[in-house]
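Below: the structure, in structure tokens.
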Amino acid sequence: MDRNQRILILDFGGQYNQLIARRVREHHVYCEVHPCAMTLPEIRAFDPIGIIFTGGPHSVYGPGAPTADPALFSLGIPVLGICYGCQFMAHALGGSVEPAQSASAREYGKTPTFFDTDCALFEGLPEQSVTWMSHGDYIARLPEGFACTARSAACPSAAVADETRRFYGVQFHPEVNHTEQGRAILKNFLFDVCGARGDWTMEDFREKSVRSLREKIGNGRVLLALSGGVDSAVCAALLSEAVGTRLTCVFVDHGLMRKDEGDRIEAVFSGKDLHFVRVDARRRFLKKLSGVRKPEEKRKIIGAEFIRVFEEESASLGTMEFLAQGTIYPDVIESGGGKAAVIKSHHNVGGLPRDVRFREIVEPLRLLFKDEVRDLGRTLGLPEDLVTRQPFPGPGLAVRIIGNVTEKKLAMLREADAIFREEMAAFGQAGAASQYFAALTNLRSVGVMGDGRSYDLAIVLRAVRTEDFMTADWVRLPYELLDRASSRIVNEVPGVNRVLYDITSKPPATVELE
Ligand code: XMP
């Protein structure tokens, strides 16, 4: 298979390594993140057009300071060192790195920086702009052949370069948004220094993946658990293009989906060239959940029941050689360089069976970031609302109903949630939140409806904004929207007489209520 040009990102333990990879890919240049201990033969085999060293929490002289094989500097490949990566390069090439003596020389945060725009890295940039610094050490003596190419008030070596050998180092972080010219700097490195062509596109990826999936799968059969989430949906569309009806998608309808969702998934996928199986397991799940109030117990029951249903279905479908999974690149990076294809226990559809045997696992999206998966979905013709879907928890509405789950409560929640979504769209706020939904509390309170007293349940509306879902901020939605959603919900959903808006961030709250 003809290969894309590739950038190698060597990971020195920095917190922004994924972000660097995303920024490179945004410029349509393919890259991968690997541990800094990658060996020289491995680097040669990877055949990068450029190498980027990430930052990291260490000091180059500290115990256990991570290193890369210095022989890589003899490969003739351009290098960009970021923060610790810059210090490591200076140290490895004979310069010296020292701890900043005074607090003012240790830079943290937004820092005005002055650039030498004759340096290829900074060509076309304004001479001064803000960068994001986070370092306690600095380069005190440059290695031979190097010059300073940017400075800040506290640091004369905010950037260094040996342009003959095409080695560049920046003390700041070009990958974070706070560095105003960060994208332009990375672009200069990729295109002007490394000679990138920008050949990484989703059309191209689609073509190449289809070819390699066909080679790998041959006449075999593939099983995919379809949850309706973005990753499994895109995975299904790609595999269907590659192997058609030799792909079987099993969609376990546990009855805990949002309004009309199960039908929508069926409508999209039963029209595709694949074998689509919708298992109506609604009753089974409800029965198992009957009377269960504790959140963790609910999750466990749903996970276990999902596996049972999936096992029964796959047994009745006959032998399948391949199991497909929608693993994406952040999972691979987080699990330490993606060596083994392990089945995640916290899978979106509640974990997959251990004792269903397959010859091999296929993960066609394992090199893509979420935004690339969405792009690929568009390229494959999936509807926009499916491609831009917000995350939805595997245990579904069961963790959005506090306490026991009943059919009646599910129906109430589905209606309230649909109204909230409609109003978010009507007020043009759908893009303002990363995730938004309604949840049903077990709080009963007194109200007055018409001339009568009511003693009904309260709905909570939640909308959060987040980059990574580890922390999240509640969204300041317009009062008019909340007002409209609230009055529609109490009027249109019998059994609800109060609507609350959740104004807690994460932490201390979580996104979901259970
Ligand atoms: P929390 O509630 O932990 O949610 O702040 C963070 C993000 O994870 C989603 N979530 C889940 N996703 N299975 C999933 O696939 C689960 O069991 C699960 N629980 C929470 C949640 O919707 C949010 O996006």
Among the numbered criteria (1) within 16 Å of the ligand (Cβ to nearest atom); (2) open to solvent by 10 Å² or more (accessible area, probe 1.4 Å); (3) outside any helix (DSSP H, G or I), which one does residue 198 miss? (1)
Apart from one, (1) modelled with pLDDT of 85 or more; (2) outside any loop (DSSP other than H, G, I, E, B) all hold for residue 257; the odd one out is (2)
For the range 303-322 the number of residues that are open to solvent by less than 20 Å² (accessible area, probe 1.4 Å) and either in contact with a helix residue (DSSP H, G or I) (Cβ under 9 Å, 6 or more places away or on another chain) or more than 19 Å from residue 219 (Cα to Cα) (or both) is 7
Name the pairs: first residue in the range 5-26 and over 19 Å from residue 132 (Cα atoms) and assigned to a helix (DSSP H, G or I), second residue basic (Lys, Arg) and open to solvent by 20 Å² or more (accessible area, probe 1.4 Å), Cβ to Cβ under 8 Å, at least 6 apart or on different chains? 26/183
Among the numbered conditions (1) over 30 Å from residue 483 (Cα atoms); (2) away from the ligand (no atom under 16 Å from the Cβ); (3) in a helix (DSSP H, G or I), tell me where residue 416 comes up short. (1)
Checked the range 356-371 for anything within 27 Å of residue 321 (Cβ to Cβ) and away from the ligand (no atom under 16 Å from the Cβ); matches are 356, 357, 358, 359, 360, 361, 362, 363, 364, 366, 367, 368
Any chance the range 267-279 includes a residue that's within 29 Å of the chain's Cα centre (by Cα) and among the hydroxyl-bearing types (Ser, Thr, Tyr)? yes
Read through the list (1) modelled with pLDDT of 90 or more; (2) open to solvent by less than 40 Å² (accessible area, probe 1.4 Å); (3) not in a strand (DSSP E or B), then give the number of the only condition that residue 62 fails. (1)
I'd like to know if the range 243-262 contains one or more residues that are open to solvent by 10 Å² or more (accessible area, probe 1.4 Å), closer than 30 Å to residue 172 by Cβ and of a type outside the set (D, E, K, R). no
Filtered residue count, the range 65-102, keeping only those that are aliphatic (A, V, I, L, M) and either open to solvent by 20 Å² or more (accessible area, probe 1.4 Å) or in a loop (DSSP other than H, G, I, E, B) (or both): 8
Only one of (1) within 20 Å of residue 9 (Cα to Cα); (2) surrounded by fewer than 17 Cβ atoms within 10 Å (Cβ to Cβ); (3) not hydrophobic (A, V, I, L, M, F, W, C) fails for residue 136. Which number is that? (1)
Kindly indicate the residue of the range 474-514 that is in a strand (DSSP E or B) and open to solvent by 30 Å² or more (accessible area, probe 1.4 Å) and also nearest to the ligand (Cβ to nearest atom) among those meeting that condition. 506
Name the residue that is modelled with the lowest pLDDT, counting only residues in the range 1-33 that are open to solvent by 40 Å² or more (accessible area, probe 1.4 Å) and either small (Gly, Ala, Ser) or over 24 Å from residue 184 (Cα atoms) (or both). 1
Across the range 389-424, what is the number of residues that are under 25 Å from the mean Cα position of the chain (by Cα) and buried (at least 19 other Cβ atoms within 10 Å of the Cβ)? 11
Residues in the range 201-210 that are more than 20 Å from the chain's Cα centre (by Cα) and either hydrophobic (A, V, I, L, M, F, W, C) or in a loop (DSSP other than H, G, I, E, B) (or both) total 1
Being assigned by TED's automatic domain parsing to the domain that holds residue 479 and open to solvent by 40 Å² or more (accessible area, probe 1.4 Å) is the requirement here; does residue 427 meet it? yes
Among the candidates 54, 67, 113, 131, residue that is polar (S, T, N, Q) and farther than 24 Å from residue 31 by Cβ: 113
For residues that are in contact (Cβ under 8 Å) with a residue 12 or more places away in the chain, open to solvent by 90 Å² or more (accessible area, probe 1.4 Å), part of a helix (DSSP H, G or I) and under 14 Å from residue 404 (Cα atoms), tally how many sit in the range 269-302. 1
Subset of the range 389-412 [more than 15 Å from the ligand (Cβ to nearest atom) and in a helix (DSSP H, G or I)]: 407, 408, 409, 410, 411, 412
Scanning the range 372-388 for residues that are more than 16 Å from the ligand (Cβ to nearest atom) and within 26 Å of residue 33 (Cα to Cα), the one surrounded by the fewest Cβ atoms within 10 Å (Cβ to Cβ) turns out to be 378
Can you name the residue in the range 366-387 that is more than 22 Å from residue 271 (Cβ to Cβ) and part of a loop (DSSP other than H, G, I, E, B) and is also nearest to the chain's Cα centre (by Cα) among such residues? 369
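The values are calculated or read from the model by the stated rules, or taken from the named source; none is laboratory data. What you see is a predicted model; the values in this text were computed from it and never measured. Note that each Cβ is placed from the backbone with ideal geometry, even for glycine, and that neighbours are counted across all protein chains shown. In case anyone asks, the SASA skips ligands and DNA or RNA and just uses the protein heavy atoms, side chains included. Shrake-Rupley method; radii C 1.70, N 1.55, O 1.52, S 1.80 Å.
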